[in-house]
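Here, each number is a calculation from the coordinates, and none is a lab measurement. Only a predicted model underlies this, so the values are computations on that prediction, with no experimental measurement involved. Every residue, glycine among them, receives a Cβ derived from its backbone with ideal geometry; neighbour counts consider all protein chains shown.
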Amino acid sequence: MAAFDLHAWTRERPRVMGILNVTPDSFSDGGRFFSADAALAQAETMIADGVDMLDLGAESTRPGATPVSAQQELDRLGPVLEGLQGCPVPLSLDSSKPEVMREAIRLGVALVNDVRALRLPGALEVVCEGGVAVCLMHMRGDPRAMQDLACYDNVVEEVEAFLLDRAQACMAAGVPAHAIALDPGFGFAKDFGHNRALFHALPRLAARGFPLLVGMSRKRMIGQLTGATLPADRDAGSLAAHVMALDRGARIVRVHAVRPAVDAVRVWQGLTQGGEF
Ligand code: HH2
């Protein structure tokens, strides 16, 4: 099976990836979509709202999150993936574990979104054999202790070098270049200054030729700018940051609030690329 062509898909227009956290403890919506029924209802809502891809995660990666086993992830994801058979939009799996990736690929996911950039042993091989696309994200350490590692000489150079190195490793293992997206990993082992430096460097990262995915939805950096302490109150700020990211070359935005993001992408596309109405 040919891997999902992320380059062609994102060249057509920017894409909205909807976050579906099948978890009890995610930072902004933990517990809301933990049952398979609730997750499937939310998937249906996001599809009706025009989402381009659903990103299913079963382990929170918020700072300090408690890790879960591969079996727990599979128990959470299995019924949701079964319920999404025949889904009209491609599915993405937000996981780092090769066992989870293998089963999710069997159940039809088109993309593996890995905050560890396929660094766990066996992950790269599973993606290669499965013939799926991948999003490689930058993070240091693991979510439990990553904020202690937010210390860089030059965050942009280090993140860029890391992402290019991981993309090379994927291509050397047989993942086609057109199936690779990169993500600087906003908020992952980064303080506000690092996030801002990376935001300014989006054009430089985009110039490397891989579609850029950005995920700032409801994150602390948005709250630091707007004063909104509750993640659910950060959607407007997140939308502003994501539209600015599109102007700087991002091609996929990973969001909780799908409808406003879909409208924003339509407006961005219509005003910057022209076209008939
Ligand atoms: N952020 C989160 C999780 N996965 N994947 C990519 N590629 N980029 C991101 O910025 C990113 C990600 C954290 O957000 P969320 O899934 O809402 O929270 P939690 O990890 O607590 O479930």
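Data overview
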item: Sorted by Cβ neighbour density within 10 Å, fewest at the top, the residues Asp165, Asp233, Asp55; result: Asp165, Asp233, Asp55
item: Order by protection proxy (mean Cβ within 10 Å, highest first), peptides 218-226, 31-39; result: 218-226, 31-39
item: Amide H contacts of Met53 (H built 1.01 Å from N, under 5 Å, at least 5 apart or other chain); result: Val16, Gly18
item: Cβ-based net charge around Arg220, under 11 Å, with every Lys or Arg adding one and every Asp or Glu removing one; result: +4
item: Placed amide H near Leu136: partners under 5 Å, 5+ positions off or other chain; result: Ala181, Leu182, Asp183
item: Distant alpha-carbon pairs in region 41-154 (separation over 22 angstrom), percent; result: 35
item: Over the chain, relative contact order from alpha-carbon pairs under 8 Å, at least 6 apart, %; result: 21
item: Quotient of Cα Rg and 2.2 N^0.38 Å for the chain, N being how many residues it contains; result: 0.92
item: Mean residue ellipticity (222 nm) of the chain, computed from DSSP H runs ≥ 4 via -39,500 (n - 2.57), nearest 500; result: -13000 deg cm²/dmol
item: In Å, descending, principal axis extents of the Cα set of region 19-66; result: 33, 20, 14
item: Expected-Rg normalisation [2.2 N^0.38 Å, Cα atoms] applied to region 1-91; result: 1.14
